[in-house]
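In what follows, a structure is listed as structure tokens, so that the remarks can point back to it.
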Amino acid sequence: MLTLYIDADACPVKDECYRVAERCGLKVFVVSNGWINTRRAPFIEQIVVDEGPDVADDWIAERAGPGDVVVTSDIPLADRVLKAGAQALKSNGQPFTADSIGSALAGRMVGEHLRSMGVATSGPPPFSARDRSAFLQALDRAVVVARRAAI
């Protein structure tokens, strides 16, 4: 069974994930460091991990593999699941790929370095309806790819 993992602590597209999962017959794991209001459905399982850096990421990375889709904005987690054979999507629909993950990791390191030196950096742009739509399209494409890989 195809599985959708949601890195849920700051995910703005959980409802979209549930709709696609229900329509496509996916199992969903909603993983967070604390309790969050999650839709109750037989195909959705909420996982609350211990507090701490990367505990939710570790839980997802230990389980995601070929045929799975992970929704996350966490670049190191995306790198780990890509290496395990899963697909990774940002909440704006942008996929992480083997070709893009290296530059994403490098950009993250540059940003961390600048912030450690006291340089103010901007965060991501505000989440928009266009991002939500792009995410739905990207998730549908990812499910199709995962199904083809499973055949």
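Among the residues in the stretch 86-99, are any of a type in the set (D, E, K, R), under 18 Å from residue 140 (Cα atoms), free of Cβ contacts under 8 Å to residues at least 24 places away in the same chain and surrounded by fewer than 16 Cβ atoms within 10 Å (Cβ to Cβ)?
no
Pull up the stretch 29-60, narrow it to residues that are open to solvent by 20 Å² or more (accessible area, probe 1.4 Å) and among the acidic types (Asp, Glu), then point me to the one that is nearest to residue 123 (Cα to Cα).
54
Do you know which residues across the stretch 30-42 are in a loop (DSSP other than H, G, I, E, B) and out of contact with any helix residue (DSSP H, G or I) (no Cβ under 6 Å at 6 or more places or on another chain)?
First, pick out the residues of the stretch 30-42 that are in a loop (DSSP other than H, G, I, E, B): 33-42.
The answer is 34, 35, 36, 37, 38, 40, 41, 42.
Restricting to helices (runs of 4 or more DSSP H) lying wholly in the stretch 49-151: which have 1 or more residues that are modelled with pLDDT of 90 or more and within 13 Å of the chain's Cα centre (by Cα)?
Details: elements: 55-63, 75-83, 101-116, 129-150.
Qualifying helices (runs of 4 or more DSSP H): 55-63, 75-83, 129-150.
Using beta carbons and a limit of 9 Å, which pairs, at least six apart or on different chains, have the first residue in the stretch 16-28 and open to solvent by 40 Å² or more (accessible area, probe 1.4 Å) and the second one aromatic (Phe, Trp, Tyr)?
Once the first residue is open to solvent by 40 Å² or more (accessible area, probe 1.4 Å) and sits in the stretch 16-28, its partners that are aromatic (Phe, Trp, Tyr) give 22/43; 25/43; 27/43.
The values are calculated or read from the model by the stated rules, or taken from the named source; none is laboratory data. The model shown is predicted, which means the values in this text are computed figures rather than measured ones. Ideal geometry is used to build each Cβ from the backbone, glycine not excepted, and the neighbour counts take in all protein chains shown. Note: areas computed on protein heavy atoms with side chains; ligands, DNA, RNA excluded. Shrake-Rupley method; radii C 1.70, N 1.55, O 1.52, S 1.80 Å.
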